[in-house]
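**Student:** Got a structure for you, written out below as structure tokens; questions coming shortly.
Every number in this text was worked out from the coordinates using simple rules, so none of it is lab data. The shown structure was predicted, so the numbers you read here are calculated from the model rather than taken from an experiment. Glycine also receives a Cβ, built like all others from the backbone with ideal geometry; neighbour counts cover every protein chain displayed.
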Amino acid sequence: MDTSAAMDISESMEWTEVEKVILSRRSTRAFKKDPIPDYMIRRILEAGRFAPSAGNSQPWRFAVVKSPEILNEMEKDAIKICKRMMFVLDYTRSRFRNIFLKPISKFFIRLQHNELHPVPFGLLNAVADGRAPVFHAAPTLILLFEDQRGVSSPATDSGICGQNMILAAHSMGAATCWIGLIKVLMYEPKWKKFFGVKYPYQLNNCIALGWPKVESDGQVPREVQVVEWYEGEMASSPRIEQQGE
Ligand SMILES: Cc1cc2nc3c(=O)[nH]c(=O)nc-3n(C[C@H](O)[C@H](O)[C@H](O)COP(=O)(O)O)c2cc1C
């Protein structure tokens, strides 16, 4: 297991099994064709079901997609929607677009600043140009729907629930990748209807699941965190410590 990024803080304490799972997990984008067995999928769902949530409100609903026909249709439609979105939004594609489309595109980008942040924007472009797949040909998808009536922050609860499932899957030797890009399907009433997405539910996210086709190439670097440690009196300043290197 590669825990190199955190090695210097291990001191003399052995890494726990949970820490090993957390530190060695990677997003996998190449899956074997065969799905993982249903009993394992159920165990992964169980890890999600037992996630903590504000007021134990459990504001989530799951759907497992294994049908090759449906997976294929989701991929095809997601590509189609990415193409359509980029046709409207990517003003850099021609001089004409740069002059006439830029203000409209910028307006939409500002409106949807998370979903159209440069990272997903680049990914949407890559999918539209046929340079990247959406679901990485995973044989199974777990869709996570969030109940908007939940206590406090259903989005946080759903994220915790999803990460529980991801870590459980990794601990069993299965591979996963969050697929935030699935949200483009929700622009199509067809998919909202298909998955019964209506108030109080909305699609939170998706987890691609399967056996890894390739070995992990180690950790992706993380930013150093500057952490304030409050250990003294109220009047004293916190001690600043760098977490990571
Ligand atoms: C909420 C969320 C959405 C994501 N969406 C996608 C996605 O649509 N496609 C993809 O290939 N990776 C997606 N990722 C994976 C991230 O790119 C990945 O977690 C990040 O680059 C760090 O790499 P690691 O998971 O291997 O440590 C997503 C991750 C999260 C947490």
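**Student:** Once you keep just the Cα pairs under 8 angstrom separated by 6 or more residues, what percentage relative contact order results for the chain?
**Tutor:** After rounding, I find 31 percent.
**Student:** I'd like the distance separating the alpha-carbon centroids of the stretch 41-89 and the stretch 214-243, in whole Å.
**Tutor:** Computed from Cα coordinates, the inter-centre distance equals 32 Å.
**Student:** Shifting gears a bit: Which ³J(HN,Hα) values in Hz, rounded to whole numbers, follow from the phi angles of the stretch 148-163 under the Karplus curve 6.51 cos²θ - 1.76 cosθ + 1.60, where θ = phi - 60° and Gly and Pro get x?
**Tutor:** Running phi through 6.51 cos²θ - 1.76 cosθ + 1.60 with θ = phi - 60° gives 5, 7, x, 6, 6, 9, x, 5, 5, 4, 5, x, 5, 4, x, 5 Hz.
**Student:** If packing is taken as the average count of other Cβ atoms within 10 Å, what order do 98-108, 126-136 fall into, highest mean first? Kindly include the intermediate steps, with their values, before the conclusion.
**Tutor:** Numbers: 98-108: 12.9, 126-136: 16.7.
With the highest mean Cβ count within 10 Å placed first, the list reads 126-136, 98-108.
**Student:** Further question on the same structure: Starting with the fewest neighbours, write out 229, 191, 15 ranked by other beta-carbon atoms found within 10 Å of each beta-carbon. Each step should come with its number before you reach the end.
**Tutor:** Numbers: 229 9, 191 19, 15 16.
So the ranking, lowest neighbour count to highest, is 229, 15, 191.
**Student:** For a quick check: sort 28, 16 by the number of other beta carbons within 10 angstrom, fewest at the front. Walk me through the numbers before you get to the answer.
**Tutor:** Numbers: 28 23, 16 9.
Fewest-to-most ranking of 28, 16: 16, 28.
**Student:** Towards the positive end of the charge dipole of the stretch 27-215, with charges on Cβ (+1 Lys, Arg; -1 Asp, Glu), say which of 127, 196, 56 has the farthest Cα.
**Tutor:** Of the candidates, 127 comes out farthest on the positive side.
**Student:** Here's another thing I want to ask about it. Need one word for the stretch 133-195: rounded, prolate or oblate. Basis is the Cα gyration tensor (sqrt eigenvalues a ≥ b ≥ c); a/c below 1.5 gives rounded, then a/b vs b/c decides.
**Tutor:** Oblate shape, in that a/c is at least 1.5 and b/c is the bigger or equal ratio.
**Student:** Using the charge dipole of the chain (Lys, Arg: +1 at Cβ; Asp, Glu: -1 at Cβ; taken about the Cα centre), state which of 112, 236, 37 has its Cα farthest towards the positive end.
**Tutor:** 112
**Student:** If the limit is 18 Å between Cα atoms, which of 32/76; 76/190; 80/190; 33/193; 80/183 go over it?
**Tutor:** Listed pairs above 18 Å: 32/76; 33/193.
**Student:** Moving on. Per DSSP helix of 4 or more residues, -39500 (n - 2.57); summed, then divided by the residues of the chain. What does that give at 222 nm, rounded to the nearest 500?
**Tutor:** -11500 deg cm²/dmol
**Student:** About the Cα centre of the stretch 27-215, how large is the charge dipole given +1 on each Lys and Arg Cβ and -1 on each Asp and Glu Cβ? Please answer in debye to the nearest 20.
**Tutor:** Working: 26 positive and 15 negative charges, 142 e Å.
My answer is approximately 680 debye.
**Student:** Classify the stretch 41-133: rounded, prolate or oblate, from the alpha-carbon gyration tensor (a ≥ b ≥ c, eigenvalue square roots; a/c under 1.5 rounded; otherwise prolate if a/b is larger than b/c)?
**Tutor:** Cα axes put the stretch 41-133 in the oblate bin.
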